[in-house]
Structure formats: structure tokens, C-alpha cells
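Asks: Have a look at the structure that comes next, please.
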Amino acid sequence: MASKYQAPRGTFDVLPGDARARRRIEATASAIFERAGYEPIATPAFEDTELFERGVGRSTDIVRKEMFTFEDKGGRSITLRPEGTAPICRAYVEHGMHKLAQPVKLSYAGPFFRHERPQAGRYRQFHQLGVEAIGTDSPLADAEAIVLLSDLLTELGVPGVELRIANLGSPGSRRAYLEELKAHLRAHETKLSKDVRERIEINPLRAFDADDEGTRGVMANAPTIVERLEGEDAEHFAEVRTLLEAAGIDFEIDPTLVRGIDYYTRTIFSFVCDELGAQSEVGGGGRYDGLIEQLGGPPTPAVGWAAGIERILLALGEAEEETGRDAFIAVADPGRQREALVLAIELRHAGLTAEVDLAGRGLKGQLKHADRLGARRVLILEPEGSAQLRDMQSGEQRQIDPVDLVEAIGGERS
Ligand code: HAM
């Protein structure tokens, strides 16, 4: 049965068809996370603004343009969380999780907020689910995280997904490369977009992400960090690739891959879906070995990702179908309404789905409503204590003692 609820475009209300689909996504994710030992965590919807300025990075679009930042009544600057990794790292430091056995493996889902120009797949309030493995620099953790997202998208049936990976090196080894990239950008400065030109010094990597023709032309022959990787960074990258191959995960190395957040080191990855148009990434993430220290904790390597629930929904297409009801209890005699409700409750306690009329309909109206709900069986409580059980598909009807109802419906449940 298709969903009867249609939310007009541009509203933020999640009506039942979509809400059901979201629940399925979250339930599928929770089961996958649990099987791999990622425990759930939740952090508040807002944090001190400084957490994101320091964590996400002052030169990013998120911090420069997209945060919902307010002053609270105590004059503190607070920001609706634009992402979940910095808050989880804050919680890791604040609660002394470095004293636990490492790594600490966490999973989460919830609303996030970015003041972006809304379009299909890009909203100002959106929902992410994700994982973080904090306290390990092992390439096993990178591969484990990537496989979790791959498994999720596969299990949900998201079509046309491709995985791209790259490696940004570690901050020390990246320095020489960044100088080389800046020199390349400066040499072609006049062809670059204003945004890229302004950020040559503070965030030259973002030039790979620009969509204007001038910048793209310049970036076509820009040096890439993947070509410059050496020593432990190169070994780490090679090991992640070997592990993905061993796990049977297809991927493409994309030397131009960059992400919109500053904390990444070494591995970065992105799952894109060709069903999604311009906002083609369903989920992505990477390693962020310096973030915990930057937030005041001990040096702690970590890796994780987040996926956009709305983007998964878009890629999947249809809203979730209703599943109908096992039974509807109708009354031909209004005097038996109480009994009808008690019977429905009994069925529910037995794990079946059952409804009664709550709108005072006549018998004909009740049967019509039962049909609309997709009820597979209707029990009709008649005057003088008798009852009929009707199979809504075959139209067959037989006398039944309501005492046997759970067994009759449970036993016949297909
Ligand atoms: P992100 O790439 O900014 O990473 O966002 C992750 C995912 O959230 C995207 O792939 C996309 O599906 C979804 N998303 C982002 N912005 C929007 C929007 N405005 N509307 C709808 N969906 C959106 C992070 O947030 C990192 N915290 C991921 C991570 C975790 N890295 C390491 N650990």
C-alpha cells in the first residue's frame, strides 16, 4: 500500500511514510553497529561555538558561513551542531574516555544544522548517523569503519553506490605538499574563483572541490598529495587498500578527493550515489588523528564517518509502504465497543497489529475503514454475543468464539 501522507516540498515535517522509512534505516544501522561493537552515544543539539571553530576549522565553509550561532541569556555564544565528530571528541575528553580500553567505538544518529542553500539532498536541518573509533591509528580501524558504511548501504539497498578513497598524509608530511600546491595556485591566481583565491593560504586543498570552470582548469594539472605520500603515510594507505580488497569492497582512488572539514589526516573516503544529482555523497568521513589533542585531550588518533539519512531516503526513492493490520475488530452492536477494544489489546499483547473504530462509524463504515487500513481479518462482534471472522482477501466468513481469536489470527498470520 503506498503512503497516504504527502509532505509538500520544502517543509521540514516528517510524515509517517517517511518516518517509517527513517526508522528502518536507523534500525538497520543500529543492528550493524551493534554487531561490530560500536556503542550508542548522544550529545546535545548545541554546543559552545568555539568547539566547532576549533574542531571543524575556521577556514571551512561550515564555520565561515553555515553555522546557526546564537547568544544565550547568559551572553555565551552557542551553535546548533553542524556535525557530530567534534562534540563526540569533546565528550571523550570531558568524560576521561582515554582511560578506558582503547579504542572507544561509538555510534550515533540525530539532527544536525547547517545554514546552506536548500536544494534536493541539502537541508538546513538534516539527520546523520555515524560511527567513531577513537584511540587507534590502526589501518584495521579505517577498513572496519568503511566496511560498516558499505554494509549499511548494501543492506538498505541503496542503488548505484561507489566508494572513493584518498589519503591526506599527516600534518607534518603534508606541509611540503601544501607549499607546492599553494605555489601552483598562486601561479594561476587570475583564473581562480574569488573564494578559492581568498583561501590559498589558509585552505588550499579546497580548490579541488570548486565547481567553477576557471578553478577546475587550474586543478586539472595541480599536484596531488596521493602522488607525494611517503613512509608511514604511504604504508597506512596501502594497508587500508589491501584490507578493503580482502573484504571484497570495490573502491576507486580519487587523488582529488577533499572534504569540507579541516580535522582530517591520512585516510578520507566518500560514498557517492549516481541517483543523487548534485549532492551526490550519501556518506563519508576519514581519520582525524589530531582532533582530540586540539580539543585539549591527550594525543589520540581516531577514524569515523557520517551518512545523511535524507540522502539515503532520496537514493532509495519511495517512502516506506504501510504494512496493513493483522486484524480490525468491528462492532455491529455499539454495546460491544468495550469488548472490541479489550480484544484488540489482547491481540496486541500477543504481538499482532490490531485496531478498533475510534470514530463511531456504523458497521459499513467500519468495514470500509478496515479495508483502508489494509486489515487482513475483521472480527465482527454481533448482537447477542456471536462473532464472525472475515478474511478480507477471500471474503470468507465464519462464526468464531472471540476467546479463540488470538489463536485463530496468530495461527493464520501469513
Ligand atoms: P560531512 O561530509 O560534512 O561529514 O557530512 C556527512 C554526511 O552528512 C554527508 O555525506 C551528507 O550525506 C550529509 N549531509 C551533510 N550536509 C547535509 C545537508 N545540508 N543536508 C543533508 N545532508 C547533509 C561530517 O559531518 C563528519 N562529521 C563525518 C565524520 C565522522 N568524519 C569523521 N567522523
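The values are calculated or read from the model by the stated rules, or taken from the named source; none is laboratory data. No experiment lies behind these values; they were computed from the predicted model shown. Cβ coordinates were reconstructed from backbone atoms using ideal geometry, including for glycine residues, and neighbour counts include every protein chain displayed. What goes into the accessible areas is simple: the full protein's heavy atoms, side chains included, and nothing from ligands, DNA or RNA. Shrake-Rupley method; radii C 1.70, N 1.55, O 1.52, S 1.80 Å.
Asks: Assigning unit charges at the beta carbon (Lys, Arg +1; Asp, Glu -1) and nothing else, what dipole magnitude in debye, to the nearest 20, does segment 325-413 show about its Cα centre?
Replies: Rounded to the nearest 20 debye, it is 420 debye.
Asks: Kindly identify the chain as rounded, prolate or oblate by the Cα gyration tensor criterion: order the square roots of the eigenvalues as a ≥ b ≥ c, call it rounded if a/c is under 1.5, otherwise compare a/b with b/c, prolate if a/b is larger, else oblate.
Replies: prolate
Asks: Run the quick spin-label model on Asn221 and Leu363: label points 7 Å from Cα toward the beta carbon, then report their separation in nm to one decimal.
Replies: Here the modelled spin labels are 8.7 nm apart.
Asks: Short version: ³J(HN,Hα) in whole Hz for each residue of segment 257-263, in order, from phi by Karplus 6.51 cos²θ - 1.76 cosθ + 1.60 (θ = phi - 60°), x for Gly and Pro, what are they?
Replies: My calculation for segment 257-263 gives 5, 9, 10, x, 10, 7, 6 Hz in order.
Asks: Continuing with the same structure: So, with +1 on the Cβ of K and R and -1 on the Cβ of D and E, and no other charges, what is the size of the charge dipole of the chain about its Cα centre, to the nearest 20 debye?
Replies: Rounded to the nearest 20 debye, it is 1140 debye.
Asks: Please work out the average accessible area per residue across segment 325-413, using the 1.4 Å probe convention, and give it in Å².
Replies: 56
Asks: Would you work out which of Gly284, Ala222, Leu295 lies farthest towards the positive end of the dipole of segment 198-331? Charges go on Cβ: Lys and Arg +1, Asp and Glu -1.
Replies: Selected residue: Leu295.
Asks: Please report the relative contact order for segment 260-318, taking Cα pairs under 8 Å with a sequence separation of at least 6, and give it as a percent rounded to a whole number.
Replies: The normalised contact order for segment 260-318 reaches 30 percent.
Asks: So how do 394-406, 195-207, 237-249 stack up, highest first, on mean other-Cβ count within 10 Å?
Replies: Packing proxy ranking, top to bottom: 195-207, 237-249, 394-406.
Asks: Measuring from label point to label point, each 7 Å out along Cα→Cβ, what is the Ile345 to Glu396 span in nm?
Replies: Inter-label distance under the simple model: 3.2 nm.
Asks: Within 13 Å, Cβ to Cβ, of Ile88, how many net charges do the neighbouring residues add up to if Lys/Arg are +1 and Asp/Glu are -1?
Replies: Summing Lys and Arg as +1 and Asp and Glu as -1 gives -2.
Asks: So, by mean Cβ neighbours within 10 angstrom, what's the order for 278-286, 46-54 with the highest one leading?
Replies: Highest-to-lowest ranking by the protection proxy: 278-286, 46-54.
Asks: While we're looking at this one, here's another question. First compute the accessible area of the chain with a 1.4 Å probe, then give the percent of it belonging to carbon and sulfur atoms.
Replies: Percent of accessible area from carbon and sulfur atoms in the chain: 49.
Asks: Ordered by residue, what ³J(HN,Hα) values in Hz, to whole numbers, does segment 66-82 give under the Karplus form 6.51 cos²θ - 1.76 cosθ + 1.60, where θ = phi - 60° and Gly and Pro are x?
Replies: My calculation for segment 66-82 gives 10, 8, 8, 10, 9, 9, 8, 5, x, x, 8, 8, 10, 9, 5, 4, x Hz in order.
Asks: If each of Lys65 and Gln337 carries a label point 7 Å out from its Cα toward its Cβ, how far apart are those two points in nm?
Replies: If labels sit at Lys65 and Gln337, their model points lie 5.8 nm apart.
Asks: Size of the dipole of segment 83-178 about the Cα centre, Lys and Arg at +1 and Asp and Glu at -1 on the beta carbon, nothing else charged, in debye to 20?
Replies: Dipole of segment 83-178, to the nearest 20 debye: 480 debye.
Asks: Please compute the length gained on full extension between Glu50 and Arg76, using 0.36 nm multiplied by the number of residues separating them and subtracting their Cα-Cα distance.
Replies: Net length gain for the segment: 8.3 nm.
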